[in-house]
Amino acid sequence: MDNMVSQLQGIPLQHYLIFCSTIFAIGVIGVLTRRNVIIIMMSIELMLNAVNLLLAAFSAHHADPAGQVFVFFIMALAAAEVAVGLAIVIMVYRNTKSLDIDSLTKLRF
């Protein structure tokens, strides 16, 4: 474990920032441009994982375990989001036979 932490500390923090911002941007683009609900949920997971990686990197560089605790809570939140989201998607698919996000506008009325 100490060997892995020392290897993580050897990588400059700027590399983590660039990598995580790239992953987060891909997730944002996926949420904004796609119409399929499943792909939108996957893009949200991508954004959450980018934040998790950044929190773990800062935690390793500053030798503070608080970042790892936040990662644990975000993972629990993501699991709950997926469980509830997939249940909603399955119900929408059963009623509309489509996963297009535009079909959800019928839920307003």
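Between I18, P65, V31, the Cα set farthest toward the positive side of the dipole of the chain (charges on each charged residue's Cβ, about the Cα centre) is that of V31. Our summary gives the range 10-109 a relative contact order of 27 percent, counting only alpha carbon pairs under 8 angstrom and 6 or more residues apart. For the chain, the per residue solvent-accessible surface stands at 70 Å², with DNA, RNA and ligands left out and a 1.4 Å probe. Its alpha carbons considered, the chain gives a radius of gyration followed by a Dmax of 17.6, 58 Å. Between N95 and L32, the modelled label-to-label distance comes to 3.0 nm, taking each label 7 Å out from Cα in the direction of the beta carbon. The packing ranking of peptides 84-93, 20-29, highest mean first, is 20-29, 84-93, where packing means the average number of other beta carbon atoms within 10 angstrom of each residue.
Please give the calculated 222 nm ellipticity per residue for the chain, where each DSSP H segment of at least 4 residues contributes -39500 (n - 2.57) and the sum is spread over every residue; nearest 500 deg cm²/dmol?
After summing the helix terms and dividing by the residues of the chain, the value is -28000 deg cm²/dmol.
Taking the accessible area of the chain, probe 1.4 Å, and keeping the other protein chains in place, the carbon and sulfur fraction comes to 72%. Helices assigned as whole DSSP H runs in the chain whose Cα atoms extend at least 27 Å along their own long axis and whose mean Kyte-Doolittle hydropathy is -1.0 or higher are found at 13-33, 37-62, 66-96. Distance between the 7 Å Cα→Cβ label points at T22 and I88: 3.2 nm.
The values are calculated or read from the model by the stated rules, or taken from the named source; none is laboratory data. All values reported here derive from a predicted model rather than from experimental measurement. So basically every Cβ, Gly included, is an ideal-geometry build from the backbone, and we count neighbours across all protein chains shown. Side chains included, ligands, DNA and RNA excluded: accessible areas come from the protein's heavy atoms. Shrake-Rupley method; radii C 1.70, N 1.55, O 1.52, S 1.80 Å.
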